Amino acid sequence: MSEGCTHDCENCASKCSDKKSLKEELNAASSVKKVYAVMSGKGGVGKSLVTSMLAVTAQRRGFKTAVLDADITGPSIPTAFNIHERANTNMYGIIPAVSKTGIEIMSLNLLLENETDPVVWRGPVIAGAVKQFWTDVAWNDVDVMFIDMPPGTGDVPLTVFQSIKVDGIVIVTSPQELVSMIVEKAVHMADMMKVPVLGIVENMSYFECPDCGKKHNIYGESHVDEAAVKFGIDAVAKMPIDPKFAKACDNGEIEEVEGGWLDSIADKLLG
Ligand SMILES: Nc1ncnc2c1ncn2[C@@H]1O[C@H](COP(=O)(O)OP(=O)(O)OP(=O)(O)O)[C@@H](O)[C@H]1O
């Protein structure tokens, strides 16, 4: 152990001979090729909506897709995909739920007796549950997995980056946020974790009048393009405010939503 040991071998610059990786082994029966984390600076900006829509886009493009819902205390992914059953297990581990179009999903809601039960757990227990979604779930030959992260840059995002091999990050913001600051925090965390930020989505960017098609910046002018240039992020997407998104999430119909708002991000992630 070196004198300057930080006990964080993944990110420590010391050249110790006994460096240990904190990365967790994927379940032995699983295969997951690429993993992308979807982050936001605060709750309610549409991170779960963007995660779901990216997953739907990937599945439509022919990639075997999965969603790991790491938003343990506010899981909204199962509802968006109309999944309300409990998860089963077999000799290989926990079997993820499968959506109508074949997307594999794991969320704490699939393990609760009642999906309305609150999860009143401390940080390390929550972080442990997320790790188990990687080590104990039998993901079946997945090409691309999206992780719906809890908002912010706290305990659970840290655990995800330390224990799971993440290939890239997508940041979701809204025009009301101090975009530059939010993006900068996420970019710094990504740098520390040595994971590239591949795209930014500005959700609720504008409202498009259904009668005349004019776009209105309800929450003010967008600054996401400036932030993207500042931090060298080349894939930017803007999603409108549209009640059909909220309705689709609430009714479990996210796989029926059509539109290419996230194509620039999907092109970057999926090629
Ligand atoms: N562009 C949009 N237009 C209309 N409704 C939206 C839009 N984006 C998100 N919503 C709705 O806003 C609510 C919050 O969205 P969502 O759950 O995706 O946010 P979140 O950032 O994941 O929140 P949290 O981190 O608290 O889970 C949902 O009901 C969702 O359907």
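Only bridges whose two residues both fall in segment 32-270 count here: according to DSSP, what percent of them are antiparallel, nearest 5? Within segment 32-270, antiparallel bridges account for around 20 percent of the total. Across the chain, the mean sequence separation of Cα contacts (distance under 8 Å, 6 or more residues apart), normalised by length, yields a relative contact order of 25 percent.
Using a probe of 1.4 angstrom and keeping all protein chains present, the accessible surface of segment 32-270 works out to 44 square angstrom per residue. A simple spin-label model places the labels of His216 and Lys33 4.5 nm from each other, with each point 7 Å out along Cα-to-Cβ.
In this Cβ point-charge picture (+1 for Lys and Arg, -1 for Asp and Glu), segment 32-270 has a dipole of about 440 debye about its Cα centre. Here the label points at Lys247 and Glu113, each 7 Å from Cα along the C-beta direction, are separated by 3.7 nm in the simple model. Net length available on complete extension from Met192 to Glu208 is 1.9 nm, with 0.36 nm assigned per residue and the Cα-Cα distance removed. Across segment 32-270, the volume of the C-alpha convex hull divided among the residues equals 120 Å³ per residue. Take the Cβ atoms of Gln132 and Ser21, set R0 to 25 Å, and the FRET efficiency comes out at 0.85.
Largest first, the extents of the alpha carbon coordinates of segment 25-138 on the three principal axes equal 38, 38, 26 Å. With all pairs of different C-alpha atoms in the average, the Kirkwood value for the hydrodynamic radius of segment 178-271 is 14.9 Å.
The values are calculated or read from the model by the stated rules, or taken from the named source; none is laboratory data. Bear in mind the structure is a predicted one, so any value in this text is a computation, not a measurement. Methodologically, a virtual Cβ is constructed for each residue, glycine included, from the backbone with ideal geometry; neighbour enumeration extends over all protein chains shown. Heads up: the accessible areas ignore ligands, DNA and RNA and are worked out on the full protein's heavy atoms, side chains in. Shrake-Rupley method; radii C 1.70, N 1.55, O 1.52, S 1.80 Å.
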